[in-house]
Amino acid sequence: MTYTKSERFGRGPHLNPRQQRIVRRLDEEDKLRVSTLSSDFGVTEETIRRDLEFLEKHELLIRVHGGAIPKEKTEGFELPVLDRQSKNMKEKKAIAAMAASFINDGEIIALDASTTCLQLAKNLHHKQLTVITNSISVSIELAHQKDITVILTGGYLRVESMSLVGISSDKIINDYHVDKFFISCSGIDLKWGVSESHELQAQTKKRIASLAEQTFVLADHSKFGHKSLVHWLPTEKIHTIISDQQLDDDIAKQYQSAGIYVHRV
């Protein structure tokens with residue numbers, strides 16, 4: 001449940017005075033740092049981290065690397081890769097490990113620039129593959145694997161996601177066949193489909209998906225029911241969804257009824 005500003009200290013969760021002050025400060029500032037809050041309130045950084053974890057659980061803020069930002073700041077906004085790496089990492093690692101089990105030696109796969117696909121790349125070290133990616137991080141992870149051929153799409157660099165996008169990227173992609181495309185997303189909705197917060201990122205993914213035999217969506221439970229800025233993949237184009245155990249049973253059944261394989265790990 002999301003609380004409005006007027007509900008935060010009324011019908012919302014019970015907050016101690018320090019937590020109330022943190023929320024009020026986020027109404028006025030773009031980002032709060034753990035070290036600053038620790039100094040201002042005279043408590044340990046671990047205490048502040050527990051406060052932020054509690055406030056995020058009740059959807060009053062978003063934790064990022066080193067602090068927190070207002071929840072409303074993330075609507076239609078792509079978090080920098082360092083911040084995304086710290087979000088739901090336990091779930092991402094489990095999802096990535098299962099995704100690796102669907103990849104066979106000799107296949108041509110594509111990985112997007114998500115932090116989940118970076119975790120997937122770490123599970124591919126003993127496979128014989130061709131990997132097409134627009135992710136700088138994925139290419140570095142796989143660079144020294146002698147049995148993996150890495151193809152970078154080209155394009156211009158988006159520092160926020162350490163990814164390559166743009167017209168030149170799309171032109172290169174056109175020349176390749178892809179057996180399986182593994183992606184994460186900003187949001188996935190049964191009717192709206194898969195969506196992304198950045199238009200050029202969505203464009204590159206859409207082009208790869210159009211060439212792929214199968215598209216696998218790797219998304220933890222928090223992504224479901226959300227619509228981000230750019231819709232790029234219809235639900236019927238999804239072959240398989242891999243999520244975590246917290247994905248609601250009813251939501252999983254809805255996608256299964258649409259003919260999509262759903263795995264929870």
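Just so it is clear, none of the values below were taken in a lab; they were calculated from the coordinates. Quantities reported herein were computed from a predicted structural model and do not represent experimental measurements. Positions of Cβ are generated from backbone atoms using ideal geometry, with glycine treated the same way; all protein chains shown enter the neighbour counts.
Contact order for region 151-265, expressed relative to its length and based on alpha carbon pairs under 8 Å spaced 6+ residues apart, stands at 23 percent. Across the chain, C-alpha contacts under 8 Å between residues 6 or more apart give a mean separation that, scaled by the residue count, equals a relative contact order of 14 percent. Footprinting exposure proxy ranking of GLU160, GLU56, fewest other C-beta atoms within 10 angstrom first, gives GLU56, GLU160. The Cα atoms of region 89-264 cover 42, 33, 27 Å along the three principal axes, with the biggest extent listed first. For region 175-217, trypsin sites (Lys or Arg not before Pro) are listed when DSSP marks them as loop and at most 12 other Cβ atoms sit within 10 Å of their Cβ; the list is LYS191. Going by neighbour counts of Cβ atoms within 10 Å, the residues TRP232, TRP192 line up, fewest first, as TRP192, TRP232. Here region 217-263 is treated with +1 on each Lys and Arg Cβ and -1 on each Asp and Glu Cβ, and its dipole about the Cα centre works out to around 220 debye. To the nearest Å, what is the center-to-center distance of region 220-265 and region 143-205, using C-alpha atoms only? Each part reduced to its Cα centre gives a spacing of 19 Å.
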